[in-house]
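Structure first, then comments.
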Amino acid sequence: MRIIETIRELKDVVRKQKSEGKSIGLVPTMGYLHEGHLSLIKMSAAENDFTVVSVFVNPTQFGPNEDFERYPRDLDGDSRKAESAGADVVFAPSVAEMYPDGYNTYVEVFGITEKLCGKSRPGHLRGVCTVVAKLFNIVEADRAYFGQKDAQQAAVVKKMARELNMNIDIVVCPIVREADGLAMSSRNVYLSSPERESALVLSKTLKSVEEIFKKGERNAAALRRFMLENIRKESLAEVDYAEVVHPETFEDLDMIEDKALVALAVKFGKTRLIDNVILEV
Ligand code: AMP
């Protein structure tokens, strides 16, 4: 498996594969890979002849007071893991390679970015769309793989690809969890052991919401209230949002008629974690 740091070299390698009729899969990541990322790489390797995994901590998707500088990085470990999951190339560009001096072009999806993480983290989804659009243009993949863990990101990327007529299929893969239910995240390493214990409140709350929904509760406000009460019992947890929205438009729901996305963002100390579940009647 090759590690490539320049756009020009990656384009040459991918074009050679395409000229031989090979299909290309792309898995965009910020690295510090865990089983959630590896599930996307395995899916790409199963569905494509050649898989490119990008490892790039993208500065444009971090706010000024967020964790860009201290975000965990481990390119050697990532390369080993990506290779064992079936990657053919790890693309690990520098910030200057992706955003040379004077860079000033951004891609923004409106509407559905005004809720949830888009609302709490202004500019975040614009940074995500910009880097993903650049990666799509650099790699010219047939398919790109995203996790349902970042449900809004996946929906926004799908909308961008559709509305900008990008020739790529977006595949969304299920959330991979630790044995105790915590959704895997590179940011979990930030948690102290009491915070790690408290963080279970996310998946536990979503499980309880699923049970209440199965028993017939369809009122979104009642589910929101339940989530807030449940999470506030954890002294280390600080709720950013606990929402019940339409899974495509992200509009707030009153009653759940067919489908809903239940999405949580909760801070434990400085660490903000997200998780979600889809409810279906
Ligand atoms: P990140 O490196 O956190 O930007 O994530 C890169 C990709 O991996 C995104 O599409 C995420 O949604 C996906 N991902 C992250 N964590 C998980 C998880 N626990 N299960 C499935 N996919 C995940």
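From the list I278, I212, which one is surrounded by fewer than 18 Cβ atoms within 10 Å (Cβ to Cβ), of a type in the set (A, V, I, L, M) and within 19 Å of K149 (Cα to Cα)? If you could, list the steps in order and put the result at the bottom.
Numbers: I212 fails: within 19 Å of K149 (Cα to Cα).
After applying the criteria, what remains is I278.
Can you tell me which residue within the range 151-167, out of those that are surrounded by fewer than 21 Cβ atoms within 10 Å (Cβ to Cβ) and of a type outside the set (K, R), is nearest to the ligand (Cβ to nearest atom)?
Among those residues, the one meeting the criterion is A154.
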Residue set A155, A221; condition touching a residue at least 24 places away in the same chain (Cβ under 8 Å), in a helix (DSSP H, G or I) and under 22 Å from G123 (Cα atoms); output residue A155
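Look through V201, V189 and report the one residue that is touching a residue at least 60 places away in the same chain (Cβ under 8 Å), in a helix (DSSP H, G or I) and in contact with a helix residue (DSSP H, G or I) (Cβ under 7 Å, 6 or more places away or on another chain).
On the way: V189 fails: in contact with a helix residue (DSSP H, G or I) (Cβ under 7 Å, 6 or more places away or on another chain).
Sole residue among the options that is touching a residue at least 60 places away in the same chain (Cβ under 8 Å), in a helix (DSSP H, G or I) and in contact with a helix residue (DSSP H, G or I) (Cβ under 7 Å, 6 or more places away or on another chain): V201.
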One residue is enough: does the range 5-28 have a residue meeting the conditions in contact (Cβ under 8 Å) with a residue 60 or more places away in the chain and within 9 Å of the ligand (Cβ to nearest atom)? yes
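Conditions (1) in a helix (DSSP H, G or I); (2) free of Cβ contacts under 8 Å to residues at least 40 places away in the same chain; (3) among the charged types (D, E, K, R); (4) in contact with a helix residue (DSSP H, G or I) (Cβ under 8 Å, 6 or more places away or on another chain), marked per residue:
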{"position": "V57", "(1), (2), (3), (4)": "no, yes, no, no"}
{"position": "N65", "(1), (2), (3), (4)": "no, yes, no, no"}
{"position": "Y71", "(1), (2), (3), (4)": "no, no, no, yes"}
{"position": "R80", "(1), (2), (3), (4)": "yes, yes, yes, no"}
{"position": "E83", "(1), (2), (3), (4)": "yes, no, yes, no"}
{"position": "A87", "(1), (2), (3), (4)": "no, no, no, yes"}
{"position": "V90", "(1), (2), (3), (4)": "no, no, no, yes"}
{"position": "A96", "(1), (2), (3), (4)": "yes, yes, no, no"}
{"position": "C117", "(1), (2), (3), (4)": "yes, no, no, yes"}
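Condition check ((1) surrounded by 15 or more Cβ atoms within 10 Å (Cβ to Cβ); (2) charged (D, E, K, R); (3) within 20 Å of the chain's Cα centre (by Cα)) across all residues:
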position: V57; (1), (2), (3): yes, no, yes
position: G63; (1), (2), (3): no, no, yes
position: Y71; (1), (2), (3): yes, no, yes
position: D78; (1), (2), (3): yes, yes, yes
position: A85; (1), (2), (3): yes, no, yes
position: V89; (1), (2), (3): yes, no, no
position: D101; (1), (2), (3): no, yes, no
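Read-outs throughout are calculated quantities, based only on the coordinates presented, and are distinct from any laboratory measurement. In this text, all values refer to a predicted model and were calculated from it rather than measured experimentally. In this analysis, Cβ positions are derived from the backbone assuming ideal geometry, glycine residues included, and neighbour counts consider all displayed protein chains.
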